[in-house]
Amino acid sequence: MAYLLRFLLVLMFVGISLTTIVALGWLDIGLGHIQLAISAFMYLIFIQAFTMFYFIGVARLVENVWNVLNSTENLKELFDEIPSDLEPYKKKVARFVHESQLSKRQTVPWTILMLVLGTIAFLLGGAHDTGLVSKVVHSGVAYGFMSSMLIGFVRQWFYLGKSHQLLGELKGLFGISRDAM
């Protein structure tokens, strides 16, 4: 899943970059930056929601495993044969809980900032097109959006790798195949 999300993030980055390059007049592809911005921003909304829910889902899965380990009722969900000492499992899963929460905290705010600034830039682009705001206002917010997108992209890329590795270690801890859901 992390590799799919990384691929989709690259497509998002390429789409927004192409829109910016066309808007600056560096390249003419036969479409205006307004037409490109509509499709690129719709795609950005999709991929950012997908990415945000991935991090939320990983954190929730790890929390669920932690809760099962700390309640002695549902241990059959994790083990075929329940071990006598659960402390090594609890210690590792506690670290996984911390890492998954860190990944979520480091990426979700940037995702939200991207969506908010992108929406404002998109709406100000329409306002500029109708003559309600100057080009400087639209461009300034668009540059802010692109900066947040670049920072968010790098953070998401990094923490997607960390979360993918974390899920592999969690599955390995309980003897589950890496290919299993």
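The values are calculated or read from the model by the stated rules, or taken from the named source; none is laboratory data. Because the structure is a prediction, the values reported are computed rather than measured. Using ideal geometry, Cβ is built from the backbone for each residue, glycine included, and neighbour counts are taken over all protein chains shown. Ligands, DNA and RNA are stripped out before the accessible areas are found, and what is left, the full protein with its side chains, is counted by its heavy atoms. Shrake-Rupley method; radii C 1.70, N 1.55, O 1.52, S 1.80 Å.
Okay, here's what the table says:
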| item | result |
| --- | --- |
| Helical segments meeting 18 Å axial Cα length and Kyte-Doolittle 0.5 threshold in the chain (DSSP H) | 2-23, 33-70 |
| Sites Val136 and Trp26, calculated FRET efficiency, Cβ-Cβ separation with R0 25 Å, nearest 0.05 | 0.85 |
| Length released on extending from Asn67 to Lys92, taking residue separation times 0.36 nm less the Cα-Cα span | 7.7 nm |
| Accessible area per residue in Å² at 1.4 Å probe, computed on the chain | 58 Å² |
| Fraction of accessible area attributable to carbon and sulfur, segment 71-181 (%, probe 1.4 Å) | 61 percent |
| Low-density loop positions, GluC sites (Glu not before Pro), segment 1-92 - DSSP coil, at most 14 other Cβ in 10 Å | Glu73, Glu81 |
| Thr19 accessible area, 1.4 Å probe, all protein chains in place, Å² to nearest 10 | 20 Å² |
| Relative contact order %, the chain, counting alpha carbon pairs below 8 Å whose residues are six or more apart | 25 percent |
| Potential extension, Ala127-Ile82 segment - 0.36 nm per residue separation minus Cα distance | 9.9 nm |
| Accessible area of Asp129 in the full protein assembly, 1.4 Å probe (Å², nearest 10) | 110 Å² |
| Theoretical FRET efficiency, 1/(1+(r/R0)^6), r = Cβ-Cβ of Arg178 and Tyr43, R0 25 Å, to 0.05 | 0.30 |
| Which labelled figure in (i) 40; (ii) 46; (iii) 66 is percent of Cα pairs over 25 Å apart, once derived from the coordinates | (ii) |
| Portion, in percent, of the accessible area of segment 1-44 that falls on carbon or sulfur, probe 1.4 Å | 75 percent |
| Distance (nanometres) between label positions extended 7 Å along Cα→Cβ at Ser17 and Leu75 | 5.2 nm |
| Assigned charges on the beta-carbon of Lys, Arg, Asp, Glu; the chain dipole about Cα centre (debye) | 360 debye |
| Unit charges at the beta carbon, dipole of segment 85-180: most positive-side option, Met114, Phe174, His164 | Phe174 |
